[in-house]
Structures are given as structure tokens and as C-alpha cells.
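Heads up: the structure comes next, in C-alpha cells.
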Amino acid sequence: MYKSILVPVDLAEASSWRKSLPVAKAMAKTFGSDVHVVAVVPDFGKSIVGSYFPKDYEGDALKAAGEMLKQFINDHFEGDLKVKGHIAHGTIYEEINRAADKLNCDLIVLASHRPELKDYLLGPNAARVVRHANQSVLVVRE
């Protein structure tokens, strides 16, 4: 049913994958799907913010995130699944949707927490992924 599953993770926050990762792995085993794990390193948003950081800060952050993602995949996936890691850089929900499109994923499995008042005003990343994705999205509640 699903050939390629995208699993977004925040490498610094286990709640972003603690419940969604086992669901994605079970689905991948059931359907023989490839799994793509994406971690997004947020950008500064405004160039003035970036001016306060060292010149090669973003490059160093992306490199460190790549190493962390390799370790994450080694720690959380068995050898029976075809898994590939990806690091993206930018606005979180945009990069998740961009990765899903670029990798031809037909399912995104992501975690979401219960909305707080601030989420109703700002909109959490999970809601934005659901709203803008071209793929099916399975939201696993934390």
C-alpha cells in the first residue's frame, strides 16, 4: 500500500518520535516500504538574527545534525528495514513537505502533542504539515 514512508524527527526531543517511530516501522515492515527519516535544522528566520552567530554556525549545525541522525538511525532501526536519513534546513513544516515530495514518499508519519492555547493561535508544525502535504499523513498523538 505504501512504498515510501517519511518520518520527521527532532533529534533533541524524544516526544517527536517516541510514539510515531514504532508505528512507522511497523507499517514499513507490513508493506515492505522504504523509510526516510528527516531532521530539520531550523533557519534563523531573519538575517539580522543570523548576524549574531559565528560565520559558519549553520554549516557546523548541519554537520552535527547529520552525525546525530546517523547515530539515531543506528540506535533505532534493525537491519531488516531499508532506511535513509536526511537533514533539511529551513522552516520545519515546509522542509518536511518538501522532503516528502522530493523523495516521492506516499505517507508521512509524525508525532503531535495535545494542542495548547498558543498552538491555536500560531498553529503547530504537525497541523501545517497535514494542511499542506500532498501525501497521506498519519498523526500519532503523544
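How long is the gain from HIS132 to ASP56 if the chain were fully straight, where each residue apart is worth 0.36 nm and the alpha carbon distance is subtracted? All intermediate terms of the calculation are to be shown ahead of the outcome.
Values: separation 76, 0.36 × 76 = 27.36 nm, distance 3.18 nm.
Here the answer is 24.2 nm.
Report, in listed order, any pair from LYS29/LYS63; LYS3/LYS25; LYS55/LYS84; LYS25/LYS102 with a Cα-Cα distance greater than 23 Å. Before the final figure, lay out the partial values.
Values: LYS29/LYS63 30 Å; LYS3/LYS25 13 Å; LYS55/LYS84 30 Å; LYS25/LYS102 21 Å.
Too far apart for the 23 Å limit: LYS29/LYS63; LYS55/LYS84.
Here, each number is a calculation from the coordinates, and none is a lab measurement. Since this is a predicted model, take the numbers as computed values, not measurements.
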